[in-house]
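Engineer: Mind having a look at this structure? Questions to follow.
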């Protein structure tokens, strides 16, 4: 059955230049799936100019009412929603975010089928698509940028002013790092993106035991997972499956790393009820050595005590005064420098869009033409064409209920 896809214009402010498909990926989709057609809504903010789509033979339009599936990145403003369509975008509603309650209510009212990029998962719940790698790449770069800027070692330009990932790496070729110790948390796409930068800089990776016990006259890093910085409260063996199901009964063991670390790059996923990596009290301890945190995960006032707020692409760094538990100006002495930008992939829109499109074509588009044999669309669907929540997301009923009635 023929399906007409539409790349919608990003209307959220500040503007996001990313897109689900680049011009070449659109062409690739049409060549791979003969029953697919594609329309691109005209946009002046997209990283790829409208004419580049035109050159690939993709139709440009202002009116998308004859399309079936709307593909976007950020939330669609309520007035721009077209009733009775399928929409894919990051809705930021599945955790019952209060600021998007009205959006989900409007989606139900307009009988729109919503599929959130975050809900596109395997049967085991692992995400199939996302911008995690690019968050890791830019986050690690920005953390080194903060180091160079703070300590007057080197001046890396902002990623948003660079053409692409290749240009970003060329800038890294120009820097020389002091003999610091870096810890990287996590093993997922975000952490692997950050590790790409550490490996590109040819920073030596060392084991947990060596990192904790040895001194080095060169820059080194250690990548750690949940079992390295958490422990059972009763002293028994760590059980990873149990920890992910229910982390109550576990304590943080991160302080052993904090005592020997200069730079901490946070690329982990933080689950509900898991122990904080370090608390405000931990940061006050005389042995606490970390003085620079690149918090790519960016959970506000959560597992990384120094992350009081998200920072911005325009103003990416601030300082945390551990003794007074407050934000102070960047470069203030005896503080922890914080980089906590929460929309890092926006700085690398071209590469991020290319990578996202590759994943979307391989993981999602086939489901439209194979009867959704792997349940990709079924698992991802939040709302139905009848204006109701799907069973999987029925927990959102109270969230969308009219609280004034």
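Every number in this text was worked out from the coordinates using simple rules, so none of it is lab data. Everything numeric in this text was worked out from a predicted model, so none of it was measured. In this analysis, Cβ positions are derived from the backbone assuming ideal geometry, glycine residues included, and neighbour counts consider all displayed protein chains.
Engineer: Return the distance in nm (one decimal) between the two label points of a simple spin-label model at residue 384 and residue 163, each offset 7 Å from Cα along Cα→Cβ.
Structural biologist: If labels sit at residue 384 and residue 163, their model points lie 5.1 nm apart.
Engineer: If each residue of separation counts as 0.36 nm, what is the full-extension length gain between residue 281 and residue 3 once their alpha-carbon separation is subtracted?
Structural biologist: Values: separation 278, 0.36 × 278 = 100.08 nm, distance 5.63 nm.
The span from residue 281 to residue 3 would gain 94.4 nm if fully extended.
Engineer: Shifting gears a bit: On a 0 to 90° scale, report how tilted helix 132-150 is relative to the longest principal axis of the chain, with both axes built from alpha carbons and the result rounded to the nearest 10.
Structural biologist: In the chain, helix 132-150 runs at an angle near 40 degrees to the longest axis.
Engineer: Among bridges DSSP assigns within segment 132-347, what percent are antiparallel (round to 5)?
Structural biologist: 35 percent
Engineer: I would also like to ask the following. Taking the 0 to 90 degree range and rounding to the nearest ten, how far is the long axis of helix 349-363 tilted relative to the main principal axis of the chain, both from C-alpha atoms?
Structural biologist: 60 degrees
Engineer: What residues of segment 107-143 lie in the reach of a label at residue 327, counting those whose backbone N is under 18 Å from a point 7 Å from the Cα along Cα→Cβ?
Structural biologist: Residues passing the 18 Å test: 143.
Engineer: Fully extended, how many nm does the chain gain between residue 234 and residue 199 (0.36 nm per residue separation, minus their Cα-Cα distance)?
Structural biologist: Separation in residues times 0.36 nm, less the Cα-Cα distance, equals 8.9 nm.
Engineer: Could you work out the relative contact order of the chain, using alpha carbon pairs under 8 angstrom and six or more residues apart, expressed as a whole percent?
Structural biologist: Details: 778 pairs, mean separation 73.5, N = 405.
18 percent.
Engineer: Next up: Can you run the Rg to Rh ratio on the chain? Use alpha carbon positions and the Kirkwood inverse-distance Rh. Mind showing how you got there, number by number?
Structural biologist: Working: Rg = 22.7 Å, Rh = 22.9 Å.
Result: Rg/Rh = 0.99.
Engineer: Once you have the Cα-Cα distance between residue 175 and residue 82, take 0.36 nm times their residue separation minus that, and quote the gain in nm to one decimal.
Structural biologist: Numbers: separation 93, 0.36 × 93 = 33.48 nm, distance 4.94 nm.
Between residue 175 and residue 82, full extension yields 28.5 nm more.
Engineer: Rounded if a/c is under 1.5, else prolate if a/b is larger than b/c, else oblate: which is segment 113-219, with a ≥ b ≥ c the root eigenvalues of its Cα gyration tensor?
Structural biologist: Numbers: a/c = 2.96, a/b = 1.42, b/c = 2.08.
Here segment 113-219 falls in the oblate category.
Engineer: May I pose another question? Against the longest principal axis of the chain, how steep is helix 23-32, in degrees 0 to 90 to the nearest 10, with axes from Cα atoms?
Structural biologist: Approximately 60 degrees, to the nearest ten.
Engineer: Under Stokes-Einstein, with the Kirkwood radius over Cα pairs standing in for Rh, what whole-number D in µm²/s applies to segment 275-405 at 4 °C and 1.567 mPa s? Intermediate values should be presented prior to the final figure.
Structural biologist: Working: Rh = 18.7 Å.
The estimated diffusion coefficient comes to 69 µm²/s.
Engineer: Also: Between residue 44 and residue 394, what is the label-to-label distance in nm when each label sits 7 Å out along the Cα-to-Cβ direction?
Structural biologist: With each label placed 7 Å out from Cα toward Cβ, I get 4.8 nm.
Engineer: Right, something else. Taking every pair of alpha-carbon atoms in segment 127-180, what share in percent sits in each 5 Å bin, from 0 to the bin with the longest distance?
Structural biologist: 4, 18, 29, 22, 14, 7, 4, 2, 0
Engineer: For residue 225 and residue 51, FRET efficiency with R0 = 60 Å and r from the beta-carbon atoms, rounded to 0.05? Present the calculation step by step, with values, prior to reporting the outcome.
Structural biologist: On the way: r = 46 Å, r/R0 = 0.77.
Once the sixth-power term is evaluated, E becomes 0.85.
Engineer: Which part of segment 229-268 falls in the paramagnetic zone of residue 289, meaning amide N under 19 Å from the point 7 Å along Cα-to-beta-carbon?
Structural biologist: 229-230, 253-266
Engineer: Right, another one. Could you check which residue among 286, 23, 247 shows the biggest mean-square fluctuation in a GNM of the chain with a 10 Å Cα cutoff?
Structural biologist: For the chain, modelled as a Gaussian network with Cα springs under 10 Å, the answer is 286.
Engineer: Ok, one more. For the chain, what is the percent of antiparallel DSSP beta bridges, rounded to the nearest 5?
Structural biologist: On the way: 13 of 51 bridges.
Around 25 percent antiparallel, to the nearest 5.
Engineer: Pick from 134, 87, 200: which is most flexible by mean-square fluctuation in a GNM of the chain where alpha carbon atoms under 10 Å apart are linked?
Structural biologist: Sorting by GNM fluctuation, first place goes to 200.
Engineer: Mind giving me the FRET efficiency for residue 212 and residue 102? R0 is 45 Å, r the Cβ-Cβ distance, nearest 0.05 is fine. Don't jump to the answer; show the numbers that get you there.
Structural biologist: On the way: r = 49 Å, r/R0 = 1.10.
For R0 = 45 Å, the calculated efficiency reads 0.35.
Engineer: Hey, another quick one. Give me the tail of P(r) for segment 132-347 as a percent: Cα-Cα pairs with distance above 28 Å. Intermediate values should be presented prior to the final figure.
Structural biologist: Numbers: 5408 of 23220 pairs.
The proportion of pairs with Cα distances above 28 Å equals 23 percent.
Engineer: Moving on to the next point. With a 10 Å cut-off between alpha carbons and a GNM built on the chain, which of 244, 88, 269 moves the most?
Structural biologist: Taking springs between Cα atoms under 10 Å, the residue moving most is 244.
Engineer: Once you put a point 7 Å from the Cα of residue 155 and another 7 Å from the Cα of residue 300, both along the Cβ direction, what distance in nm separates them?
Structural biologist: Spacing of the two 7 Å Cα→Cβ label points: 3.3 nm.
Engineer: Something else now. Counting alpha carbon pairs within less than 8 Å and at least 6 residues apart, what relative contact order, in whole percent, applies to segment 220-312? The partial results should precede the final answer.
Structural biologist: On the way: 126 pairs, mean separation 23.7, N = 93.
Value for segment 220-312: 26 percent.
Engineer: Taking each pair of distinct Cα atoms in segment 1-147 once, what is the resulting Kirkwood hydrodynamic radius in Å? Write out the running numbers ahead of the final one.
Structural biologist: Values: mean 1/r = 0.0598 Å⁻¹.
Computed over Cα pairs of segment 1-147, the Kirkwood hydrodynamic radius comes out at 16.7 Å.
Engineer: Once you keep just the Cα pairs under 8 angstrom separated by 6 or more residues, what percentage relative contact order results for segment 1-148? List each step's numbers first, then the result.
Structural biologist: Details: 222 pairs, mean separation 29.4, N = 148.
Contact order relative to length: 20 percent.
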